[in-house]
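Below are the structure tokens for one structure; questions will follow.
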Amino acid sequence: MRTYIAVVEKCPDTGLYVGYVPGFPGAHSQAETLEELKENLKEVVEMLLEDGEPQLDGEFIGTQNIVVA
């Protein structure tokens, strides 16, 4: 069993949730609900893994708050 971290944003124009797995080419999706997005991303990752273990372009480390005066 493998675990991947997804970044999730909400598009202000469409209202859809958009998610992607950083560094994993092609691992992205969108949906109307967070649960639907999670399922969509799981399906995409499973499909991409059928071609073998991916060569990740990067590794998600975290987020930082940037304060600007």
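Rule-based calculations on the coordinates, nothing more; no lab input. Model, not experiment: these values are computed from the prediction. Heads up, the Cβs are rebuilt from the backbone with ideal geometry, glycines too, and the neighbour counts pull from every protein chain shown.
Of the conditions (1) surrounded by 12 or more Cβ atoms within 10 Å (Cβ to Cβ); (2) under 12 Å from the mean Cα position of the chain (by Cα), residue 9 fails just one. Which one is it?
(1)
Also, quick follow-up: List pairs: first in the stretch 7-18 and within 18 Å of residue 42 (Cβ to Cβ), second of a type in the set (Gly, Ala, Ser) and loosely packed, with under 12 Cβ neighbours inside 10 Å, Cβ under 9 Å, 6+ apart or cross-chain?
Short answer, once both residue conditions are applied: none.
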